[in-house]
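The values are calculated or read from the model by the stated rules, or taken from the named source; none is laboratory data. Owing to the predicted nature of the structure, the values given are computational and were not obtained by experimental measurement. Heads up, the Cβs are rebuilt from the backbone with ideal geometry, glycines too, and the neighbour counts pull from every protein chain shown.
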């Protein structure tokens, strides 16, 4: 349940909102940006006056700043706080000046990620003493780091996880609310941090009606390689799943979509004509509407996986690991068809969906139903509207 917000007369009218992250979202490049972009547009639809502070811009030389993203959001009506084009790297001094421009009567402040907006939490609270503070955790960083460390058997990294967890929990205790993108992580925080108010936001994805089973071919993976779990997933798939799958489906290609493909992957593709590295694709729908299946063989990570959302919203079944399936309210029947962890089980699930039209069509229907029930702009707007009524404790 949400606490009802009692308007503080010291706040500016009109629901003024400041979002603080390292960089401007780039929704054509990564899933996290798509989520943040959806949040920004939901706030705008509800009449909020939205400002965005890109902390990283204040530490970059002029030529490396993301002017294109800045101008795009300004065109939508977002006030973009960045250094002037004639200013070098002003660092924290420039950030403090930007906060002063907004003034102390801000209604809502949304710092994003423990390592970005979260790192500036004390400065933001000092600058906006009466603002509602909503921490947008994105995925739980400590959970992702812990899983990576355990997978690698890296006990030094496990010690570092404790620092990340302590930092995330400290912000969550002080914030008026914490946003997460996964129902799994909301339930986890209920157990680990019962004193914090945690809200799950189910973000939408663009959807499209594509061709049927018989007009599609090949399987694909979607993911930006700047996100380390994606590189690990592709390498694992190529080493443990693809050899058997390539034999059982000799006419099938494996298409990999995402910016920043590592050199080893490009070299692998040069030796295997059925492995196609497409790199960044501006129009993801065009690729999804040609694929018969996508895969999400993630061995670690956190949050709700955008690659799964995008696939299902375009009517493409996705075979995924248990990690990739976290946070989705799959029916037992759907889970049995698309979730697999052992390499042989992954191969069997892909072959069954790829070769059986009736099974493929069943998963498409179930996937679309799930998207329509939980991941629509209307659902997001309703949740954000309640979020803006949460009482601010001023902690």
Flag if residue 380 is outside the structural domain of residue 328 (by TED's automatic domain parsing), buried (at least 20 other Cβ atoms within 10 Å of the Cβ) and touching a helix residue (DSSP H, G or I) at 6+ places or on another chain (Cβ under 7 Å): yes
Among 37, 66, which is the only one that is closer than 30 Å to residue 287 by Cα and either buried (at least 20 other Cβ atoms within 10 Å of the Cβ) or modelled with pLDDT of 95 or more (or both)? 37
Test of understanding: among 126, 120, which residue is out of contact with any strand residue (DSSP E or B) (no Cβ under 8 Å at 6 or more places or on another chain) and assigned by TED's automatic domain parsing to the domain that holds residue 32? 126
Tally up the residues in the stretch 351-366 that are under 25 Å from the mean Cα position of the chain (by Cα) and touching a residue at least 12 places away in the same chain (Cβ under 8 Å), please. 3
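Each row is one residue, and each column tells you yes or no for (1) modelled with pLDDT under 95; (2) closer than 19 Å to residue 213 by Cα.
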{"site": "295", "(1), (2)": "no, yes"}
{"site": "299", "(1), (2)": "no, no"}
{"site": "316", "(1), (2)": "no, yes"}
{"site": "322", "(1), (2)": "no, no"}
{"site": "329", "(1), (2)": "yes, no"}
With the requirement that a residue be in contact with a helix residue (DSSP H, G or I) (Cβ under 6 Å, 6 or more places away or on another chain) and under 20 Å from residue 123 (Cα atoms), what does the stretch 133-181 give you? 135, 164, 168, 171, 178
The stretch 83-112, residues that are surrounded by fewer than 21 Cβ atoms within 10 Å (Cβ to Cβ) and not in a helix (DSSP H, G or I): 84, 85, 86, 87, 88, 89, 90, 103, 104, 105
Exception for residue 48 within (1) buried (at least 19 other Cβ atoms within 10 Å of the Cβ); (2) touching a residue at least 60 places away in the same chain (Cβ under 8 Å); (3) touching a helix residue (DSSP H, G or I) at 6+ places or on another chain (Cβ under 7 Å) falls at (3)
Before we move on, is residue 56 closer than 30 Å to residue 221 by Cα, under 16 Å from the mean Cα position of the chain (by Cα) and touching a residue at least 12 places away in the same chain (Cβ under 8 Å)? no
Taking the stated definitions as given, is residue 391 modelled with pLDDT under 90, within 28 Å of residue 195 (Cβ to Cβ) and touching a strand residue (DSSP E or B) at 6+ places or on another chain (Cβ under 9 Å)? yes
Considering only helices (runs of 4 or more DSSP H) fully contained in the stretch 284-360, which possess at least 1 residues that are touching a helix residue (DSSP H, G or I) at 6+ places or on another chain (Cβ under 7 Å) and closer than 30 Å to residue 164 by Cα? 306-313, 322-325
Residues to consider are 391, 381; find the one that is in contact (Cβ under 8 Å) with a residue 60 or more places away in the chain, under 30 Å from residue 175 (Cβ atoms) and in a loop (DSSP other than H, G, I, E, B). 391
Tell me whether the stretch 328-338 contains one or more residues that are under 20 Å from residue 298 (Cα atoms) and more than 24 Å from the chain's Cα centre (by Cα). yes
